[in-house]
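The values are calculated or read from the model by the stated rules, or taken from the named source; none is laboratory data. Bear in mind that the values here come from a model prediction, so they are computed numbers and not experimental data. The accessibility values were calculated without ligands, DNA or RNA, using every heavy atom of the protein model including side chains. Shrake-Rupley method; radii C 1.70, N 1.55, O 1.52, S 1.80 Å.
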Amino acid sequence: MANGAMPFTTLSLLVMLLVLIPEVTVDLVSGQKTWCVAKPSTGDTALLDNIHFACSMEDCSCIAKGGICFLPNTLISHASIAMNLYYQSQGKNSWNCHFNGTGVTVLTDPSYGQCKYA
C-alpha cells in the first residue's frame with residue numbers, strides 16, 4: 001500500500017457511513033471544526049467539475065504534480081482537497097460544501113501525512 005493511502009481509505013469509510021445514514025442530523029458545537037470532502041459515490045465527471053470550479057476560485061497548487069497533496073493521485077482525493085479549500089475560504093456554510101449534492105461535511109480531520117487540510 002502506498003504511503004499516505006490508508007488515511008484516505010479510512011476517511012472514505014467514514015464518509016460512506018455519513019452518506020448511508022442520511023437521516024442523521026449533527027448539531028455542531030459552536031467553534032466545531034469541519035471539513036468538506038467529496039462523497040465516495042461521486043462520478044469522475046462530477047469530481048473533475050468540482051476540481052475545476054474550486055480551483056478557479058482557490059489556489060490548488062498543492063494538488064499539482066509535485067505538490068504536497070498530489071499523492072494519492074486520485075480524482076476523489078484531489079476533488080476533496082479542492083472542495084475543502086473552497087469551503088474553508090467561503091465561510092464554512094453548508095451551501096459551500098454542496099457541490100450539486102456531491103460534497104459532505106465531516107467532523108474528522110481528513111489530513112494525511114504532509115497534506116494538511118485547512
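The candidates 95, 35, arranged from most to least accessible area with a 1.4 Å probe in the full protein assembly, appear as 95, 35. A 1.4 Å probe over all protein chains sorts 57, 83 by accessible area into 57, 83, starting with the largest. Ordering 105, 45, 34 by accessible surface, largest first, gives 45, 105, 34; the 1.4 Å probe counts only protein heavy atoms, with every chain in place. Subtracting the Cα-Cα distance of residue 108 and residue 73 from 0.36 nm times their residue separation leaves 10.5 nm of extension gain. Accessible area per residue was computed with a 1.4 Å probe on protein heavy atoms; residue 117 scores about 20 Å².
Per the Debye calculation on region 51-118 with a single equal scatterer at every Cα and no solvent contribution, log₁₀ I(q)/I(0) for q = 0.15, 0.24, 0.28 Å⁻¹ amounts to -0.42, -1.11, -1.46.
Residues whose amide H lies under 5 Å from that of residue 111, counting only those 5 or more places away or on a different chain, are 117; hydrogens are built 1.01 Å from N in the peptide plane.
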